[in-house]
1. Out of segment 50-63, which residues are open to solvent by 80 Å² or more (accessible area, probe 1.4 Å) and within 26 Å of Ala29 (Cβ to Cβ)?
2. Please tell me if Ala25 is modelled with pLDDT under 85 and touching a Lys or Arg at 6+ places or on another chain (Cβ under 8 Å).
3. Identify, by number, the condition in (1) at pLDDT 85 or above; (2) over 20 Å from the mean Cα position of the chain (by Cα); (3) among the charged types (D, E, K, R) that Lys14 doesn't meet.
4. Being in a strand (DSSP E or B) and open to solvent by less than 50 Å² (accessible area, probe 1.4 Å) is the filter; apply it to segment 35-49 and report the residue that is nearest to Gln21 (Cα to Cα).
5. Would you check which residues across segment 68-87 are surrounded by 17 or more Cβ atoms within 10 Å (Cβ to Cβ), in contact with a helix residue (DSSP H, G or I) (Cβ under 7 Å, 6 or more places away or on another chain) and not β-branched (Val, Ile, Thr) and list them?
6. For segment 1-34, enumerate the residues that are within 30 Å of Arg75 (Cβ to Cβ), open to solvent by 90 Å² or more (accessible area, probe 1.4 Å) and not in a strand (DSSP E or B).
Amino acid sequence: MNPFDLIKNAGAIKEQSERLQRELAEIRAEGNSGGKMVTVTLNGKFEMMGIKLDPICVDNRDVKMLEDLIVAAHRNAVENVQEQIKEKSSSILGGVDLSQFGL
């Protein structure tokens, strides 16, 4: 990509970036673990919006297992949000690889 093209199109890029930010705010992704015993919902800003626990996994004798399931479900939800961000941004950014920026 030619850097001069980026400069010429700065206004359009800014507009597309703002549109992407609005779309990211609307993203919702779930992650789960333990055969869906734990489900975590994140938004496009990676903020946790909710958590669902199957009553079968709530055992006060095995809190460590529940903690591990929550962490695993959160990790899965993060991966799902990242995938949605890549999909939405690829059309806007014209194929720029966001992995270069840690996304």
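The values are calculated or read from the model by the stated rules, or taken from the named source; none is laboratory data. All of these numbers come straight from a predicted model, not from anything done at the bench. Positions of Cβ are generated from backbone atoms using ideal geometry, with glycine treated the same way; all protein chains shown enter the neighbour counts. Keep in mind that these areas ignore ligands, DNA and RNA; they rest on the heavy atoms of the full protein, side chains included. Shrake-Rupley method; radii C 1.70, N 1.55, O 1.52, S 1.80 Å.
1. If the condition is that a residue be open to solvent by 80 Å² or more (accessible area, probe 1.4 Å) and within 26 Å of Ala29 (Cβ to Cβ), then Lys52, Pro55, Ile56, Val58 are the ones that fit.
2. On the way: modelled with pLDDT under 85: yes; touching a Lys or Arg at 6+ places or on another chain (Cβ under 8 Å): yes.
Yes; evaluated as a whole, the condition is true for this residue.
3. Just one mismatch for Lys14, condition (1).
4. Checked segment 35-49; the qualifying residue nearest to Gln21 (Cα to Cα) is Asn43.
5. Matches in segment 68-87: Leu69 only.
6. Result: Arg19, Gln21, Arg22, Glu26.
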